[in-house]
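**Student:** Shown below is the structure under consideration.
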Amino acid sequence: MAVFRHNLFKISEVFITEQVRHYRRYQPFFLGRLRQGAVPEGMDSLALGDLCPRAPLLPAGWHMLSRAIGPFERLLAERRPALIHAHFGIEGVYALPLAARLGVPLVTTFHGFDATLSTLGFFGSPAWAWYPLLRPKLARQGDLFLCASNFIREQLLAQGFPSERTRVHYIGVDSASIAPRAQEEETPVILHVARLVEVKGTEFLVRAFAALGPEYSAVRLIIIGDGPLRGPLERLARECGVAARVDFLGALPHGDVLGWMRRAALLALPSVRTNSGRVEGLGMVTLEAASAGVPAVGSNLGGIRETIADGETGFLVPERDSEALAARMGELLANEPLRRQMGEAARRRVEREFDITRQTARLEEMYDEVRA
């Protein structure tokens with residue numbers, strides 16, 4: 001089967017390759033326009049850029065503008081997948097004619113912005129402009145629509161997607177390989193893992209960190225991720241007087257991110273609803289932290305409400321409320337037994353509801369259903 005994503009192997013989308021690693025009955029290969037990162041060991045991929053190695057952007061750009069499927073047919077040659085699984089709604093629109101030509105089912109997973117961004121927001125990017133125009137056609141002709149959270153499903157139903165073909169499917173995390181950390185591994189660190197864009201609410205985290213009392217002067221804020229707001233956020237840290245205790249580490253390999261999670265006292269994800277309507281679809285990073293036994297503080301918004309059980313595995317706070325965020329972070333930092341209790345509860349919840357092995361087995365069952 002083909003896993004369809006325009007830009008393959010982005011460092012911020014490890015959740016896609018992690019899901020693929022857990023297939024047991026289907027043999028996947030990746031299909032897209034360009035590779036944004038190294039091909040993970042043992043994985044197979046085809047990219048339109050391969051058709052023109054000296055100018056890979058040419059076939060990729062032509063496909064973005066035209067949706068022509070001829071280049072993909074040439075790329076596939078004799079390969080005939082049993083189905084196509086597109087990640088993100090934009091990919092679903094582009095994969096629809098290819099699936100029709102091949103006569104195979106199309107499964108589309110919606111992760112967040114593809115279900116929440118306003119129509120005008122999509123027209124702001126040439127890479128997305130086809131999506132709002134052809135979304136009704138995708139809703140009519142797509143075989144199965146998987147949603148990263150109940151919140152995402154509600155958004156799709158409001159946009160006219162058929163309820164009987166629109167299901168919630170949590171990708172999950174590998175709780176077998178992410179073992180609960182030992183208490184002695186913990187250090188006085190608040191961890192934030194996110195692309196540095198408006199929807200992640202990093203500005204409010206920096207302000208909340210600056211609002212913590214002097215008793216937390218030994219605590220550091222570690223920010224992993226990169227993006228267009230890095231410069232303004234670094235300036236904000238200086239203006240708030242906490243630059244010496246805030247480390248911007250940039251984008252890191254997944255293994256390094258997990259290593260920082262094991263050292264963190266808590267994870268923070270203060271996401272916001274942007275003016276363009278964009279909302280956090282789930283907050284996968286909170287589940288990875290939970291698997292390591294780390295409590296989280298996040299916004300009471302979007303899919304985050306499904307990953308943090310308020311008062312049990314962490315705390316939910318109003319979006320854009322730095323004072324409330326600071327208060328809850330301070331409450332956790334000051335109370336080691338509470339951190340341990342919430343971390344253990346978070347780990348149990350991940351094992352029960354978000355285990356990737358069990359979730360991927362269910363995904364393969366859904367593949368069987370649409371093929372039948």
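The values are calculated or read from the model by the stated rules, or taken from the named source; none is laboratory data. This one's a predicted model, so the numbers in the text were calculated from it and none came from an experiment. Ideal geometry is used to build each Cβ from the backbone, glycine not excepted, and the neighbour counts take in all protein chains shown.
**Student:** Only one residue in 232, 228 is in a helix (DSSP H, G or I) and out of contact with any helix residue (DSSP H, G or I) (no Cβ under 7 Å at 6 or more places or on another chain). Which one?
**Tutor:** Exactly one of 232, 228 is in a helix (DSSP H, G or I) and out of contact with any helix residue (DSSP H, G or I) (no Cβ under 7 Å at 6 or more places or on another chain), namely 232.
**Student:** What tally of residues in the range 314-333 results from selecting those that are in contact with a helix residue (DSSP H, G or I) (Cβ under 8 Å, 6 or more places away or on another chain) and either under 15 Å from residue 178 (Cα atoms) or among the aliphatic types (A, V, I, L, M) (or both)?
**Tutor:** Of the residues in the range 314-333, 7 are in contact with a helix residue (DSSP H, G or I) (Cβ under 8 Å, 6 or more places away or on another chain) and either under 15 Å from residue 178 (Cα atoms) or among the aliphatic types (A, V, I, L, M) (or both).
**Student:** Looking at the range 159-205, which of the residues that are at pLDDT below 95 and among the hydroxyl-bearing types (Ser, Thr, Tyr) is farthest from residue 301 (Cα to Cα)?
**Tutor:** 177
**Student:** For residue 163, state whether it is surrounded by 21 or more Cβ atoms within 10 Å (Cβ to Cβ), within 30 Å of residue 17 (Cα to Cα), polar (S, T, N, Q) and not assigned by TED's automatic domain parsing to the domain that holds residue 280.
**Tutor:** No; evaluated as a whole, the condition is false for this residue.
**Student:** Among the residues of the range 1-26, which ones are part of a loop (DSSP other than H, G, I, E, B) and either at pLDDT below 95 or basic (Lys, Arg) (or both)?
**Tutor:** 5, 10, 24, 25, listed by residue number.
**Student:** Determine which member of the set 201, 225 is on the phi > 0 side of the Ramachandran plot, surrounded by 18 or more Cβ atoms within 10 Å (Cβ to Cβ), in contact with a Lys or Arg (Cβ under 6 Å, 6 or more places away or on another chain) and in contact (Cβ under 8 Å) with a residue 60 or more places away in the chain.
**Tutor:** After ruling out the rest, the residue left standing is 225.
**Student:** Look through the range 2-36, keep the residues that are surrounded by 20 or more Cβ atoms within 10 Å (Cβ to Cβ) and charged (D, E, K, R), and return whichever of them is farthest from the chain's Cα centre (by Cα).
**Tutor:** 33
**Student:** Which of the residues that make up the range 82-101 are more than 23 Å from residue 12 (Cα to Cα) and buried (at least 21 other Cβ atoms within 10 Å of the Cβ)?
**Tutor:** Within the range 82-101, 96, 98, 99 qualify.
**Student:** Another question about this same structure. For the range 203-225, which residues satisfy the criterion of being β-branched (Val, Ile, Thr) and either more than 16 Å from residue 193 (Cβ to Cβ) or in a helix (DSSP H, G or I) (or both)?
**Tutor:** If the condition is that a residue be β-branched (Val, Ile, Thr) and either more than 16 Å from residue 193 (Cβ to Cβ) or in a helix (DSSP H, G or I) (or both), then 206, 219 are the ones that fit.
**Student:** Same structure again: Report the residue count in the range 235-253 for those that are part of a strand (DSSP E or B), touching a strand residue (DSSP E or B) at 6+ places or on another chain (Cβ under 7 Å) and within 21 Å of residue 11 (Cβ to Cβ).
**Tutor:** Counting residues in the range 235-253 that are part of a strand (DSSP E or B), touching a strand residue (DSSP E or B) at 6+ places or on another chain (Cβ under 7 Å) and within 21 Å of residue 11 (Cβ to Cβ) gives 3.
**Student:** What single numbered condition from (1) small (Gly, Ala, Ser); (2) in a loop (DSSP other than H, G, I, E, B); (3) touching a residue at least 12 places away in the same chain (Cβ under 8 Å) fails to hold for residue 139?
**Tutor:** (2)
**Student:** Restricting the range 105-136 to residues that are of a type in the set (A, V, I, L, M) and free of Cβ contacts under 8 Å to residues at least 60 places away in the same chain, which is surrounded by the fewest Cβ atoms within 10 Å (Cβ to Cβ)?
**Tutor:** 133
**Student:** Picking from 49, 42, 32, which residue would you name as being modelled with pLDDT under 95 and either outside the structural domain of residue 281 (by TED's automatic domain parsing) or among the charged types (D, E, K, R) (or both)?
**Tutor:** 42
**Student:** Here's a follow-up. Given 99, 148, 158, which one is in contact (Cβ under 8 Å) with a residue 60 or more places away in the chain and not hydroxyl-bearing (Ser, Thr, Tyr)?
**Tutor:** Among 99, 148, 158, only 148 is in contact (Cβ under 8 Å) with a residue 60 or more places away in the chain and not hydroxyl-bearing (Ser, Thr, Tyr).
**Student:** May I pose another question? Considering the range 206-222 alone, what residues qualify as being under 24 Å from the mean Cα position of the chain (by Cα) and surrounded by fewer than 17 Cβ atoms within 10 Å (Cβ to Cβ)?
**Tutor:** If the condition is that a residue be under 24 Å from the mean Cα position of the chain (by Cα) and surrounded by fewer than 17 Cβ atoms within 10 Å (Cβ to Cβ), then no residue fits.
**Student:** Spot the failing condition for residue 48; the list is (1) on the phi < 0 side of the Ramachandran plot; (2) in contact with a Pro (Cβ under 8 Å, 6 or more places away or on another chain); (3) touching a residue at least 60 places away in the same chain (Cβ under 8 Å), and only one is missed.
**Tutor:** (3)
**Student:** Could you tell me whether the range 301-316 includes any residue that is crowded, with 20+ Cβ neighbours inside 10 Å, at pLDDT 95 or above, within 24 Å of residue 115 (Cβ to Cβ) and among the polar types (S, T, N, Q)?
**Tutor:** Yes - at least one qualifying residue is present in the range 301-316.
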